[in-house]
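The values are calculated or read from the model by the stated rules, or taken from the named source; none is laboratory data. Since the model is a prediction, treat every value here as computed from it, not as a measurement. Positions of Cβ are backbone-derived with ideal geometry, glycine not excepted, and every protein chain shown enters the neighbour counts. Heavy atoms of the whole protein, side chains included, go into the accessibility calculation; ligands, DNA and RNA do not. Shrake-Rupley method; radii C 1.70, N 1.55, O 1.52, S 1.80 Å.
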Amino acid sequence: MEMPIADRLEKQRTLRDWLRWQLDQAERTIRELEAQQEQERRRREVARREMSWKVLPSRAVEGHPVLHRGNCSIAKNMPSLLSKEEVRMAFEEFPGLEMCELCAPWGSLGIDKPPPRQGPSGGKPLLQR
């Protein structure tokens with residue numbers, strides 16, 4: 001015997017309401033997972049910047065390029081990040097390469113703080129191999 005129309009209609013409405021609730025739950029879970037994924041992406045980017053470096057060209061004709069950590073606020077507009085090997089090559093290419101006093105890149109390179117420069121002939125720090 002077939003169920004009365006009113007009962008069938010009530011069951012279908014109940015099913016619809018339950019499916020809406022399920023959809024809301026799935027959408028909330030998706031939003032939470034997307035937010036977690038974005039936070040993880042940001043953390044990886046911060047870590048990558050912290051373990052990278054940037055070289056800013058000299059602002060003065062007689063000046064020297066300056067090495068910064070990848071997350072240094074002074075070098076924030078420089079797009080390219082350098083690896084440790086690229087920093088070694090930069091020291092070879094630019095013997096007068098200076099290091100930023102604000103972000104202290106020598107620490108992340110595993111070298112001692114360079115002595116203060118004394119004019120254009122000041123010494124440069126040596127990278128440890």
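A few points about this structure:
- Here Leu15, Leu67 are screened, and the one residue that is within 13 Å of Pro105 (Cβ to Cβ) and open to solvent by less than 80 Å² (accessible area, probe 1.4 Å) is Leu67.
- Qualifying residue in the range 48-61 (condition: over 18 Å from the mean Cα position of the chain (by Cα), surrounded by 11 or more Cβ atoms within 10 Å (Cβ to Cβ) and not hydrophobic (A, V, I, L, M, F, W, C)): yes
- Among the residues making up the range 43-65, those that are assigned to a loop (DSSP other than H, G, I, E, B) and not hydroxyl-bearing (Ser, Thr, Tyr) are Met51, Pro57, Arg59, Ala60, Val61, Glu62, Gly63, His64, Pro65.
- Selection over the range 71-129 of residues that are among the hydroxyl-bearing types (Ser, Thr, Tyr) and modelled with pLDDT of 85 or more gives a count of 2.
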